[in-house]
């Protein structure tokens, strides 16, 4: 069982590669209000209303960790729908509580898939035994993740479709479209909830907002929200001169292996074509001429992705 427990630890290490303690990567403050693009006057108001996870000392510069930044972007989303501050405060109190041991021991299919992807010798039975083991319960007891941190970890690891559902009476349900809940009372309430009008807030949209404001490099090098390949692809998609992106998958592993990027470059002399060749190394280049002059150069560069 110790070996199987190590697999779970690998999953945490995937997120927590550069920190000394589990969850430090989402708990150590790294960001200020400019990083997440929220004006000081708004933060001051939210602080007075007790909406921030940690009250800011008077006169101190605002500083936030990843979990707090996630919560602040969620407040922004909720306020965009004119939801009252009292409801948001109530939600904060619920999210900042510690789950019971039995709630943390519920088998998550997405987490199972992730652990099996890290070690294909694992079976579902192995993982079920892991979740029930004393080692696992001791590990979870040590790191003591709040509901908010647990949701954030799940979003990063499994990319699951988690949502906050809110009805016209201000009732709130946390819902995962990809995970069943064994609690009969919860399922009864959910059934009644879904039968009426409600607002659905995607929590993965909050992750996308964080990536936008923190940047792809930060989210891959320090937070592990993105892999290096994902960060590279997202940065490529932002470039205006790219006309085509092709990703090749391995039929056996079902993983992406290479990416080919085609750019259109307007050029007015042959030396510019030479510069493209020398600067970018080996690639496919096609040249369009008009009246004997080079007017356009299309170059396709191939990148090998990390398949480990």
Exercise. Quick one: in region 150-177, which of the residues that are under 27 Å from residue 222 (Cβ atoms) and out of contact with any strand residue (DSSP E or B) (no Cβ under 8 Å at 6 or more places or on another chain) is surrounded by the most Cβ atoms within 10 Å (Cβ to Cβ)?
Worked result: 152
Seminar exercise, completed: Considering residues that are more than 29 Å from residue 128 (Cβ to Cβ) and modelled with pLDDT under 65, the number found within region 1-60 is 2
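The values are calculated or read from the model by the stated rules, or taken from the named source; none is laboratory data. The shown structure was predicted, so the numbers you read here are calculated from the model rather than taken from an experiment. Reconstructed Cβ throughout: ideal geometry from the backbone, glycine too, with neighbour counts over all protein chains shown.
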